[in-house]
Amino acid sequence: MDPEFLESALLRAAGFRHAFFARRGGVSEGPYESLNFSITVGDAPDNVSRNFDRAARALGVESERIFFLSQVHGAAARVLEGGETLERVRNVEGDAIVSRCADLACSVRTADCVPILLADRRSGAVAAIHAGWRGIVRGVVEAGVASLRELAGPDAELVVAIGPHIRQRAFEVSEDVALELESASRATGVTDRSGTKPHVSLVHIVRGKLAALGILDEAIDDVGGCTLTEVDRFFSFRRDGKASGRLLSGIVPRRP
């Protein structure tokens, strides 16, 4: 079975190879069944390696050229110049990874957080952002966009795709967290307080941030998917705890 993934029509039309991988189509077993991309959650390293091989074939790159950072729910963006090794990069802390080297994939791993893939139509440069609620508050979206624009140049024409994550009806938070998230964006109506606890829409906050950065709504694509409620399709840390696998979202730079 080939790995299952979601695609953005906007990124595809702009010529960018990319994928928001779901959890089906891999070799892992038990709670990590089947397309898990993390060793640290307890999965067998050989299974994870084989899953990366499958993702690499789907993205059209070598498996050792799928780069990801040590994600810390911060706002640091890191630029890849192409000569880095996978081991070196995965030990660097950061939550946005940017490059214009066409033989690699910029990727993030998630299990409820928002994966965001960005690309510049003109230069072919790309970015992948890991946007958990803390990272959203700390400015990871702004940092990722700024880093991509700096790499792409003054004529950058960005297109953005937002991947599967925990959606509003499943994302119950405390009032303090809701207030933090509301203050992080100009977007309005992001919180539903009709129940006993607030439920926040992370995608609306992300869209609000992107709009404030000058990215038009027609250049933003949401591929859908709720990680918590769609048990058969996605991993979810909030649902499954430490036994949850990790999803991979990756994008390959395109030659201008």
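The values are calculated or read from the model by the stated rules, or taken from the named source; none is laboratory data. Computed from a predicted structure; not experimentally measured. With ideal geometry, Cβ positions are generated from the backbone for all residues, glycine too; neighbour counts draw on all protein chains shown.
Points worth noting:
- One residue stands out in the range 225-248 among those that are touching a residue at least 12 places away in the same chain (Cβ under 8 Å), surrounded by fewer than 16 Cβ atoms within 10 Å (Cβ to Cβ) and out of contact with any Pro (no Cβ under 7 Å at 6 or more places or on another chain): the one that is nearest to LEU69 (Cα to Cα), namely LYS242.
- Within the set GLY135, GLY124, the sole residue that is over 24 Å from VAL231 (Cα atoms), at pLDDT 95 or above and touching a His at 6+ places or on another chain (Cβ under 6 Å) turns out to be GLY135.
- Residues within the range 148-189 that are crowded, with 22+ Cβ neighbours inside 10 Å and either without any contact (Cβ under 8 Å) to a residue 24 or more places away in the chain or not hydrophobic (A, V, I, L, M, F, W, C) (or both), tallied: 3
- Test result for VAL137, closer than 16 Å to GLY208 by Cβ, in contact (Cβ under 8 Å) with a residue 40 or more places away in the chain and either out of contact with any helix residue (DSSP H, G or I) (no Cβ under 6 Å at 6 or more places or on another chain) or not hydroxyl-bearing (Ser, Thr, Tyr) (or both): yes
- Number of residues in the range 1-58 that are more than 29 Å from ALA219 (Cα to Cα), part of a loop (DSSP other than H, G, I, E, B) and of a type in the set (Gly, Ala, Ser) equals 7.
- Residues of the range 207-224 satisfying the condition of being buried (at least 16 other Cβ atoms within 10 Å of the Cβ) and among the aliphatic types (A, V, I, L, M): LEU210, ILE215, ALA219, ILE220, VAL223
- Residue match in the range 50-59 (condition: of a type in the set (Phe, Trp, Tyr), at pLDDT 95 or above and under 30 Å from VAL173 (Cβ atoms)): no
- Here the range 215-240 is the region considered, the condition is being in contact with a helix residue (DSSP H, G or I) (Cβ under 9 Å, 6 or more places away or on another chain) and small (Gly, Ala, Ser), and the residue that is nearest to ALA102 (Cα to Cα) is ALA219.
- Considering the conditions (1) under 13 Å from the mean Cα position of the chain (by Cα); (2) surrounded by fewer than 24 Cβ atoms within 10 Å (Cβ to Cβ), ALA58 is excluded by exactly one of them, (1).
- Spans of helices (runs of 4 or more DSSP H) in the range 138-249 with at least 3 residues over 14 Å from the mean Cα position of the chain (by Cα), over 25 Å from PHE37 (Cα atoms) and not aliphatic (A, V, I, L, M): 140-152, 175-182, 202-212
- Among the candidates GLU64, GLU84, residue that is assigned to a loop (DSSP other than H, G, I, E, B) and without any contact (Cβ under 8 Å) to a residue 60 or more places away in the chain: GLU84
- All conditions but one from (1) more than 26 Å from ARG239 (Cβ to Cβ); (2) out of contact with any Lys or Arg (no Cβ under 7 Å at 6 or more places or on another chain); (3) surrounded by fewer than 24 Cβ atoms within 10 Å (Cβ to Cβ) apply to GLY132; the one that does not is (1).
- Just one of the listed residues (ARG78, ARG109) is more than 28 Å from GLU230 (Cα to Cα), touching a strand residue (DSSP E or B) at 6+ places or on another chain (Cβ under 6 Å) and in a strand (DSSP E or B), and it is ARG78.
- Looking only at the range 13-27, and only at residues there that are surrounded by fewer than 19 Cβ atoms within 10 Å (Cβ to Cβ) and without any contact (Cβ under 8 Å) to a residue 60 or more places away in the chain, the one that is nearest to THR229 (Cα to Cα): GLY25
- The range 112-134, residues that are within 25 Å of TYR32 (Cα to Cα), part of a strand (DSSP E or B) and touching a helix residue (DSSP H, G or I) at 6+ places or on another chain (Cβ under 6 Å): VAL114, ILE129, ALA131
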